[in-house]
Every structure is written in structure tokens, then in C-alpha cells.
Amino acid sequence: MGSELSTFASVRRLYPYVRPAMPRMVGGLISALGASLAALAIPRVLQTLVEGPLAEGAAAHDLGALVVPVLLVLGLGVAEAGLVLLRRNLVMYPGTRVEAELRMALFRHLQDLPVAFHDRWPGGQLLSRIMGDLGLLRRWLVFGLLQLIVSIVTIVVGVGILLATAGWLGLVYLAGAIPVTVIAFRFSRRYRVIARLSQDQSGDLATTVEESVHGIRVLKAFGRGRDALDSFTDQAEELRRTEIRKAGNQATVTTSLQLIPEVTLAVCLVLGTVLAAQGQITVGGLVAFFLTTAVINGPVVDLGMTLSMTLNARTAVDRFFEVMETPNPLADPADPVDAPDARGHVELRDVTFRYEDSARPVLEHVDLELPVGTTTALVGLTGSGKSTLAMVVPRIFDVTGGEVLLDGVDLRRMRRHDVRRAVAVAFEDPTLFSASVRDNVLLGVPESGPDAVPEAERERRLHEAVEVAQAGFVADLPQGVETRIGEEGLSLSGGQRQRLALARAIAARPAVLVLDDPLSALDVATEEAVTTRLREVLDGTTSLVIAHRPSTVALADRVAVLQDGRITAVGTHRDLLATDAHYRHVISSLEQDWEECAEHSDREDSEPDQTEQAQTEEVQR
Amino acid sequence: MSRPSKPEPSQPATSRPDDRRRPTDASADDTTQLDAEASREVRSRSLRLLGELLRPRRGALALAGLLVVVSTLGQVAGPWLVSLAIDSAVPDLMDGDVDTLVLVGSAYLVAAVVGGLCAGAYVRQAARIAQGVLLDLRRRVFRHTQLLSLEFHESYTSGRIISRQTSDLEALRELLDGGLTGVVSSLMLMLFTGLSLFLLDWRSGLVLAVALVPAWLLTRWFQKRSQVFYREQRTTSARLIVKFVETMTGMRAVQAFRRESTTEADYGRLSEQYRDANLNTMGLNGRYQPGLVLIGNVAVAVALALGGWRVYSGGLDVGVLVAALLYVKRFFQPIQQLGNFYNSFQSATAALEKVSGLLAEEPTVVEPRRPVALPHARGALRLDHVTFRYGDGPVVLPDLDLTLPAGQTVALVGTTGAGKSTLAKLVTRFYDASEGRVQLDGVDVRDLSTTDLRRAVVMVTQEAYLFSGSVRENIALGRPGAPQADIEAAARAVGAHEFIMDMPDGYDTDVNKRGGRVSAGQRQLLSFARAFLADPAVLVLDEATSSLDIPGERLVQHGLQTLLSDRTAIIIAHRLSTVAIADRVLVMEHGRVIEDGTPDELAAGDGHYAALNAAWQDSLV
């Protein structure tokens, strides 16, 4: 049975995680078998006892004869309960342990996988894997798996007994097993496909839920709650249909697992009666046959449930490993170059970057050097590749061509940890975590570990960073720097969040600082204050500042102009303003100046940029 | 009152000095230890919800019950028919009478077929009910979440709402899927068996009745303790989800600041808490179930002792004793399933407590029951002595009185915390004024239907959220069903058309997860296009251009000038470049308007604006 084997092969991948728990699992299995044995034995023992010793004792009016049978039944009963207790207690630890191990392994892997992976994978799909699928696996490990084995053992042993004791009747009963097996086999193939579909759809539904919550402001601002509900309903309805289809499948198998053995028994009943009437089988033998089949039928019916549970678990395993086996293209090298203290010399050599699924590169043959201690502003239009370039320096993305060197060493030959200790970034979307202001600002200042920073120094950096980023507002928060912010705490305005993100990058004291449009949400006065202080801090730190405005450019010693993924000019702000038309176009705010410039460039440049011209027309209209 | 063995995890969520929070927020939601009255209240609230969901499906439930009864009868009939065959059909056949055999055989066949078909039909029916209930509840929670005011969303973590809509509903689904089958058929079997026993020998029946007392006590014990444990399980699972969602959303920052190990430690701690909670419930269940088995088995032994004694004293036939003992044994067999049901019932009610708690949240901004129709708003705004505070917090806007004539473009200027965004949120009715009224065309915004209000007033915020789907779908959010030409026109108007056409599939390009591939500036352009498409009478722009480059901003402004010529606009911007297109400038400070005039007037004066303007002019190149 190829499909069963592949389910087995699929689930076997769990073995390394389950191995430490094996003794307990086996112990649990033995207790489970023991318990069902005791459960099966009790009625038999009762019957034998009552009809044998008890009846004899009654005839002799010997009350003492009652003691042994009662104690025996009591003992068996207590043993059954004890074994059930033992089984549950044996498997619950490994069950939850394996679940927790798998969860942590997945979490670790997800944190290791590059940002590009997370851009591609919707959050809900990951969430449904780490919660729903792993919960399913836990339940299967502590219940389904044992149940499956116990059922199969019971059935095999029972059928063996039937064949050994009941001859023809046993063969007839066994014949009934053929259609059952065929149906179960076909069921599992179909069910697996639907189970996968249903788990994927519930992942998609979780994604929609997540987006509807994260995008609540937009939905509210446009009054689109209704539409969101409608499309959510469509999706939920689709899931419902899949689930009902799944249940339909299960219904078919439930029907056959119950109906076929019973119909076989009807045949056996007639045949047995005839055989008994002809004296080919004793009445006692017939009774024993039906008692045994009654024992087997229970597990056969349960098999439908345990089988679907197993298939669901298999799907969960598949979905788990789908993520776990995604290779990390951004892994640490096998023999990394040690880089304990970076000086901060960054060089991009012939760098090309193309997103995996896109035909056109975002960065093309970029050569850019950031000398130690200098501040370079990166200026370009929206979509020219500035943020991508900023991601390449801390190796959030890997270049697809060329190389990025830190102190002369290719980033890919260093540990990611070392690269990111050397390079700190303030992103254009400031992400704050649900933690205190202190923890958010000191995010890049380790408290423990090999490069831990002493408490006093941490404190100093916190205050300096807050001061430089003009984030003095934190002192006015209910609990100062201890105030919890982020999603689970106080909500801050965009400007406040941006200043904290900036403070975070400063506090990390990196050799290289990358600031992606760090002042966009600040008002003019604050911006000016930040700029003044930031200049002092940046002194001596290699910095790359993405800038949209002259006020931000003012931080820099020199400016690099990025146009359509290429560096077209490098120079000082003043020089570029005088010589570079595109730069003027991008950075100049004074309309008439800019129009003059545009005319200028028409005269000077033999080939004015097309989009620029288009936009000039647009403006002049 | 039982307490969990572990103290509550030390989350600083307990004390919340933040005055924006309301009493029914996340911290209350995290409590697992409730006093008796509160516990009863949440429990009855969740049962009420379950009742509401099931009530409309009474017919379907009855049918499901009927199917279970019939299939159980089919199962029960089997052994009876077998005994009939052995007792009568065999002797009759020996006498040459085939009729009994034919009768019994065909009865068995019918019972097998009907029983099997009903069992399958029940699985289908149960799934239909379960999925119907789930769809209902999913829609309800989703709709309610959308209805809840921003105030709520700012305090109730997104991860928590997500967990309400995913893992909590999953717990309910387990109950509906599996639990119901178990409970109906178990109860049926127990009822039949109990009745048969009483009819056969009422004294043995009494043993059974007495055994129910400890069973009931055990169940009470289980109920009490499991309530707390299951609450804890729901809470820890929600925390785990919150942490997961937050980490995955902020992956860039996590990796850039090398927080992987710290986050992993945090997540690991929460995962252990969740594991402990699961262990607690499983451990409890692992004692409850064997306890029930033990009670059943002891009852059998007691019945054997008493029955045996009666046999000795001649009061009972041995044959009757055998039958009675088998009945007692069989009576307790389904109790395990009943225990399973009760277990999933407890788990589901704990989840429903959370869900019903979310549903019980009252939106603070509610739609009027009898709205005033405003199909064509002109856009005249009036703030009539408006006072605003968040909850019981300090007053943010004290007595603001302001009239904005239709068609006017007003710029709001002032430092962070001056109340600009609050004013915007009042006009868009994200919040309601604490005192006073906000009127649109003379109608209190609280009297407008959401449809009319959102058609008339649209806000674009700094956070430009993109939903997964194509660029087209994202723009069309402004006006669902808008033709392609309109969508393109909107994109052109804000200068987004070019970069959209540069994308691999143009307007059909998938923006991936949270617009991963689109820069912050481009995202703002897309959300601008949305607003253009929505074509409202009043447009509120809250820092909507902060990430645009200068040419982009200029383009948007030119677009705005045409767009805003005949509509009211409120523009909040830190950059005075945006203010230039305004007819009127309001400078705000501490919630009051301190300067009011045209940009030129104010610039010529010697106030706050004049100073800002001078600083800004200096920063230009």
C-alpha cells in the first residue's frame, strides 16, 4: 500500500523529535494494551466465575467461595483503572514535550529564515501551522497513535482467534475485511487531499483575520467593514464547504466500517445457524464466535475516526516540514571569518539585486564606498532602490550579483550575528515591540551573552539615544522609560515611534549606521533639533542615510544619487546641486528654482531623463 | 477554590496607569482566577452564546439526535438478534422450520444496513451543524471586531483578536465535531442498559444508582478545577499567539538587532506556560477518566458480591446474575466517552467565555438607530464646542469651536500632542466627542449612517496599510466595483501609475504580504489613490505624504489642488510645503487653536506660524 507507506514515511520524519520520548510512549502503549486487555477480560471472567465456582458455591452454600471471585473482579477492575491512569500520565508528558519541541524548532527556523521568506509567506499560514497543526499533532501523539495501534492489534488478534476457532465462519468474516481495506485505502487517499485543502484554507482565513485587524484603520476610514465581512464570509463559506466535503468522506467510511462488518455478521449468523443445526459447530462455539466479533467490531468502527485523525496529523506533519525544510539561502558560512571589532569600512562592489520572482533587477552594478567615519546620504526617487540598498548592507537581503564588503570582507563570509552587530538600521516603518520604552530603545544592546553591555553603560546609552533622537517625550509618559509601548501598551504617534526607532539605532553604537528616511514624520522644529545632535553622534560612525529632503541631506558629508537602481553621481550636496540635474529634480523644494533647473538641464544635458520631463510637464500644467 | 499550582506569570500587564484604557481590556481578559460570582457570570454568558448559536438549528439537532438513536438501536439490536438466533432459530431449524432463521437473518441485515447508513448520515449532519455554527460565529466575531471602535483596537492586541478568531473557535469546533456524537449515543446506551437492568433486577439497579453518586461528585470536582485550567489554557494560548504575531510582523527589526535569542527565550517561556496549561488539563482529565473507570469496575464487583450473596440465600438465579452483571459493566462502558465529551465541553466553554467577552464589548461609536439621510454631502463642517478626552483621561481638546465652510482646504499645524490627529479622528468619527457636537452639513455625525458618513468623509493616514491582493484591489478599496479606467485615473492623479506599470503584472501585481515589495512612499501613493477614487466631500489627510519624495509630494499636491478645489479638506502635515496649497491655516497648541488665517497672512505676522515658516524657508535649497 504505497499511500500508507508514504504516510508512514511522512510521519517518520518526526522520529528525531519523538525519540527522547520513546520509552514513555512505548510504556504508554503497553499500558493501553494492558488496559484494553483487562477491559476485555472482565466480562469473560465474570461469566466464567458466575457460572463455575459461584454456581458450585451456591449449591454448597459456601460464602467463602464468593470472596475469591469478587476480589478477582475487583482486582481486574482496579488494574484497568490503574493502567488507564498510567497510560494517560505516561503519554501526556512526551506528547506536550514533543509539541513544545516542534513549536520551538519551527519558531527558531522562522527567525533564522530571511526577511524575503516572511515577505512571501502570509502570517496566518505560519500561525495556523505553529498553533493549529502542532496542537493536532499533540492530540494524535497522546491519543490517536495509541488508539490506532491498539485497534489494529485488537483486530488482528481477534481475527486470528476467529480463524483458529471458528473455521469457515472466520473465513467469511475475514472476507468482509477485503472491501473494508479497499474502502479505507481509497478513503485515505481522497481524505488526505481534502484535509490538506482544509488546513490550507483555514490558514488563509487566519491571514484574512490578521489583515482585517492590522488594517482596521483603513477599513474604518473608508467604511469598508461590510466588504471585508463579505469577502471574509466567502472565504469562511469555502472552508465550510471543504469541511463538509471532508465530513462526507468520513461519513462514507463510517458507513462502510459499520455496515460491511455487520452485513458480514448477518451472513455469518445465517451460516452459523445452519451449521449449528447440522451439528457442524456447537452452540457454545457459535456464542464464542459472536462474542469475539462484538469485541472486534468496536475497534473497526473506531478505525474510521483514528484513521482520519492520523491523516490529519500527517497533513500537519507535511505542513510543518514544508516550512522546516525550506532551506535558508542566507545562512552563516561553514568557516566564518572572525570579525570582532569592525572599523566600519563598507564597500558595495558591482552590486546587483533582483527579487526572486521579478525579472528586472532593483539594483544594477552599484559601486559605492562608505569610508570609515563618513556620513553618506542616499538620494533618489521613490522606488529607485534606496531601501533595498539599505537592506543589503546589514545583510537582511543577499545581493544577487557582486559583493558587499565590510572592512574588506565579503558579508557572506561572516556570521550574520557579527554583521548585524556591526551594522544597525532604523527602518522607514518603525516597528516597536510590546515592551517598555527602555527595552525598545536598548533592543540592539545585549544585556547578557558574549557581548553583554554593563548596566551603567546601558543606562548611559539609553539616555543619550533618547536625548539625541529628541524623544524627551518619554519622560512624560505615565511610567517614564518603563512605560510599556507597542501593541500591548500605549500607542504612540508616527513621529514618536520614528524617534524611538532612531534612538534604537543610535543606542546600538554600531560601526555602521543605516538610517532609512529617519526624520520623515518629524515636524520641522524637532527635525532641526535631531539633525544638530545627530551630526555630533554620527561623527566617527560610518553612516548611510536615506534622504528625501535637504534637511536630512544636511546630516551627510557627501551624497550618492541613486537613479533606477544605479548610482549616477557622488559628491557634496553643493556640488551636486550645481552639476546634477536629476539631483536637483529630486531634492529641490523651491518650485521656481527647480523649474529653472529643469530648463537648465534641458539645455545642458544632452539626454534629459524621460520621467523627469514627463513630471515637469505635469507640474507646469 | 482551587488554585493553579503556578503563580500567574509576571506580566507587567496588571497595573495599567495608562488612562486611555477601559476596565474591560486585555488585562481583564487575561485573568484566569475569577471569584465565584464573576465565574458564574462569564460561564452563563458563554452558555448563552452557545444556546443562541444552537437555537436556530433545533430541527437539525433533533434530526441528528434521531439518527444517533436509530444507529444506536441498530447496534443494540445486533446482540439481541444473535441470542434470538441461538435460542430459537437453531432449534427451529433442527425441526425443519426455516422461517425463524429467515426472519432473524433479514432483521439482522436490516439493522446492519439501517444502523450503518444512519451512522454515516449522522456524521454528515453533525458536520453540517458544526460548520453552520462555526460560520455564524466566525461572521459574528469578524463583524463585531470591525464594528468596535478604534479605542478598543488600541487596547486589545491584534494577536488577541486573532487568537479569538482562530484557536478559540477551533476549541468549539472540536466539541461540535466529535463531542456530540459521543454524548448522544453514550447517553442512549446508558439509558437503555440502565432501564434493562432495572427491569431485570431492580436491586442490582440500586447498586448502579449508588455508584452514580461518587461519579457525580468526581464530575463536580473535575468541573470546578478544569474551569480554571481551561481558562488558563485559553489565556496562555492567546499570549503565545500574540507573541508570535508580533515577532513575525517585526521580523526585520528582530533580525537587524539580533534579537533572535531573546525573542526565542521569551517565546519559549510562553510556550512552556502553554505546555503547563495543557499538562494541567490533561493531568486532570487523566485522573477523571480512570476515576470513572474505577467507579464502574468497583460497582461491578459490589454488584457481584451482593448478587452472589443473594444467589446463596436463594433470592436470585445465577442466570439473572450473569445478565445483571453484564448490564452493570456495559452501563459504565460509554461513561468514558461521556467524560471525553465533558472534557471538550469544558474546553469549548472556556474558549466561548473569551469569544463571548469579545462580543460583549460595546462599540463606543455606534451607528444611530434612525439615521438622518445625507446622500449628497456638501462638506460643511462645524465643531460645536467640542471637548474630548480619551476615556477618563485628561482633556485633549478643551471646548473647540470651529467652522469649516464647504470646499475649504484647511491645514492643521502644531507640535506632536497639540490635538491635530484627535481633531481628525473626531471629524471622521473614529471617536465621539466627549461634549459638544461635530456636524456635517448641519447634521450631527452621530446621526449619520456609517454608509453616508464614510461616503462623505474619508481619511488617509500616515500608515498606509496594504492588504494582500493585487494593486488594483487595493486601490479599489476606495470604491469597490470601480471600473479600471477610474482606478487608473486615480493612480495617475497621484503619480502612481508609472511605478505600477513598471511592476511585473501592472495593476494585477500582487503586493504580497503587507506590501513587502512596495516602498513606503509608493504605499502612501497607493493609499492616496484609494482616497482619490473614493471621491469624498471631505478629505482628511493625516501626515499622508511624510514618506514621499519631493517630486512625488509635489505631484500629489498638484493632484490635490485639482481634487480639493470643490471639496473640504483637512490636512495635517509637519512639512509646510503641503500647507502652501491650503486656503486657511490653523495653528494648534494644547488642544486650542492659537492662530487662524490664510498662509500668507500668518506668514507675514509674528506668530508661531511665521517662525515655523521662516525656519522652513531656510531649510529649502
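The values are calculated or read from the model by the stated rules, or taken from the named source; none is laboratory data. Source: prediction; values computed, not measured. Positions of Cβ are backbone-derived with ideal geometry, glycine not excepted, and every protein chain shown enters the neighbour counts. When the accessible area is computed, the model is the full protein with side chains, heavy atoms only, and any ligands, DNA or RNA have been set aside. Shrake-Rupley method; radii C 1.70, N 1.55, O 1.52, S 1.80 Å.
Does at least one position in the range B:460-473 carry a residue that is in a strand (DSSP E or B), open to solvent by 10 Å² or more (accessible area, probe 1.4 Å) and either of a type outside the set (Ser, Thr, Tyr) or touching a Gly at 6+ places or on another chain (Cβ under 6 Å) (or both)? Even if it seems obvious, please write down each step before you answer.
Of the range B:460-473, the ones in a strand (DSSP E or B) are B:460, B:470.
Next, from what is left, pick out any that are open to solvent by 10 Å² or more (accessible area, probe 1.4 Å): B:470.
From the residues that got through so far, the ones that are either of a type outside the set (Ser, Thr, Tyr) or touching a Gly at 6+ places or on another chain (Cβ under 6 Å) (or both) too are none.
No, that holds for no residue.
Counting just the residues of the range A:466-480 that are part of a helix (DSSP H, G or I) and more than 35 Å from the chain's Cα centre (by Cα), which one comes out surrounded by the most Cβ atoms within 10 Å (Cβ to Cβ)?
Residues of the range A:466-480 part of a helix (DSSP H, G or I): A:466-468, A:472-476, A:480.
Retained after the next criterion (residues that are more than 35 Å from the chain's Cα centre (by Cα)): A:467-468, A:472-473, A:475-476.
Values: A:GLU467: 14, A:VAL468: 22, A:GLY472: 12, A:PHE473: 19, A:ALA475: 11, A:ASP476: 9.
The qualifying residue surrounded by the most Cβ atoms within 10 Å (Cβ to Cβ) is A:VAL468.
Run B:VAL585 past the list (1) outside any helix (DSSP H, G or I); (2) at the interface with chain A (Cβ under 9 Å from one of its Cβ atoms); (3) closer than 25 Å to B:ALA380 by Cα and report the number of the one that doesn't hold.
(2)
For the list (1) at the interface with chain B (Cβ under 7 Å from one of its Cβ atoms); (2) open to solvent by 20 Å² or more (accessible area, probe 1.4 Å), I need the number of the one condition that A:LEU269 fails.
The one condition A:LEU269 does not meet is (2).
Residues that are of a type in the set (Asp, Glu) and either in contact (Cβ under 8 Å) with a residue 40 or more places away in the chain or surrounded by fewer than 23 Cβ atoms within 10 Å (Cβ to Cβ) (or both): find the helices (runs of 4 or more DSSP H) completely inside the range A:384-460 holding 1 or more of those. Give the derivation first.
On the way: elements: A:386-392, A:416-422, A:437-441.
Helices (runs of 4 or more DSSP H) meeting the threshold: A:416-422, A:437-441.
Take residues that are open to solvent by 20 Å² or more (accessible area, probe 1.4 Å) and either without any contact (Cβ under 8 Å) to a residue 40 or more places away in the chain or in contact with a strand residue (DSSP E or B) (Cβ under 9 Å, 6 or more places away or on another chain) (or both) and tell me which of the helices (runs of 4 or more DSSP H) falling wholly in the range A:18-123 contain 3 or more. Walk me through it before giving the result.
Details: elements: A:22-49, A:55-60, A:64-112, A:115-120.
Correct list: A:22-49, A:55-60, A:64-112.
Among the residues of the range B:474-491, which ones are in a helix (DSSP H, G or I) and either surrounded by 18 or more Cβ atoms within 10 Å (Cβ to Cβ) or modelled with pLDDT under 90 (or both)? If you could, list the steps in order and put the result at the bottom.
At the first step, the residues of the range B:474-491 found to be in a helix (DSSP H, G or I) are B:474-476, B:484-491.
Matches in the range B:474-491: B:ASN474, B:ILE475, B:ALA476, B:ILE487, B:GLU488, B:ALA490, B:ALA491.
Could you check, for the range B:495-504, whether at least one of its residues is among the aromatic types (Phe, Trp, Tyr) and away from chain A (no Cβ under 12 Å)? Give the derivation first.
Within the range B:495-504, the subset among the aromatic types (Phe, Trp, Tyr) is B:499.
Remaining after also requiring away from chain A (no Cβ under 12 Å): none.
Looking for residues that are among the aromatic types (Phe, Trp, Tyr) and away from chain A (no Cβ under 12 Å), one finds none in the range B:495-504, hence no.
Anything in the range A:227-253 that is more than 8 Å from chain B (Cβ to nearest Cβ) and free of Cβ contacts under 8 Å to residues at least 24 places away in the same chain? List them, or say none.
Once the filter is applied, which keeps residues that are more than 8 Å from chain B (Cβ to nearest Cβ) and free of Cβ contacts under 8 Å to residues at least 24 places away in the same chain, the range A:227-253 yields A:ASP230, A:SER231, A:ASP234, A:ARG241.
From the list B:THR545, B:THR568, B:THR598, exactly one residue is surrounded by 24 or more Cβ atoms within 10 Å (Cβ to Cβ) and more than 12 Å from chain A (Cβ to nearest Cβ). Which is it? Quick ask: steps written out before the conclusion?
Working: B:THR545 fails: more than 12 Å from chain A (Cβ to nearest Cβ); B:THR598 fails: surrounded by 24 or more Cβ atoms within 10 Å (Cβ to Cβ).
Within the list B:THR545, B:THR568, B:THR598, the selection yields B:THR568.
Look at B:ARG455 and say whether it is open to solvent by 60 Å² or more (accessible area, probe 1.4 Å), basic (Lys, Arg) and facing another protein chain (nearest Cβ under 10 Å). Steps first, please.
On the way: open to solvent by 60 Å² or more (accessible area, probe 1.4 Å): yes; basic (Lys, Arg): yes; facing another protein chain (nearest Cβ under 10 Å): yes.
Answer is yes for this residue.
Just checking, how many residues over the range A:396-435 are out of contact with any Pro (no Cβ under 8 Å at 6 or more places or on another chain) and either over 20 Å from A:VAL351 (Cβ atoms) or within 9 Å of chain B (Cβ to nearest Cβ) (or both)?
Total meeting the criteria: 11.
Of all residues being open to solvent by less than 10 Å² (accessible area, probe 1.4 Å) and of a type in the set (Val, Ile, Thr) in the range A:548-567, which is nearest to B:ALA520 (Cα to Cα)? Just the residue, please.
Step by step, filter the range A:548-567, then rank; the result is A:THR552.
Residue-wise test of (1) open to solvent by 50 Å² or more (accessible area, probe 1.4 Å); (2) modelled with pLDDT of 80 or more; (3) among the hydroxyl-bearing types (Ser, Thr, Tyr); (4) not in a helix (DSSP H, G or I).
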residue	(1), (2), (3), (4)
A:VAL537	no, yes, no, no
A:ALA569	no, yes, no, yes
A:ASP575	yes, yes, no, no
A:SER589	no, no, yes, yes
A:TRP594	no, no, no, no
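Filter the range A:481-495 down to the residues that are of a type in the set (S, T, N, Q) and open to solvent by 30 Å² or more (accessible area, probe 1.4 Å) and list them by number. Show your work before the answer.
Our first condition is that a residue be of a type in the set (S, T, N, Q); within the range A:481-495, this holds for A:483, A:491, A:493.
Listed by number, the residues that qualify are A:SER491, A:SER493.
Residues of the range A:272-299 being open to solvent by 30 Å² or more (accessible area, probe 1.4 Å), under 53 Å from the mean Cα position of the chain (by Cα) and more than 10 Å from chain B (Cβ to nearest Cβ), which ones?
A:VAL295
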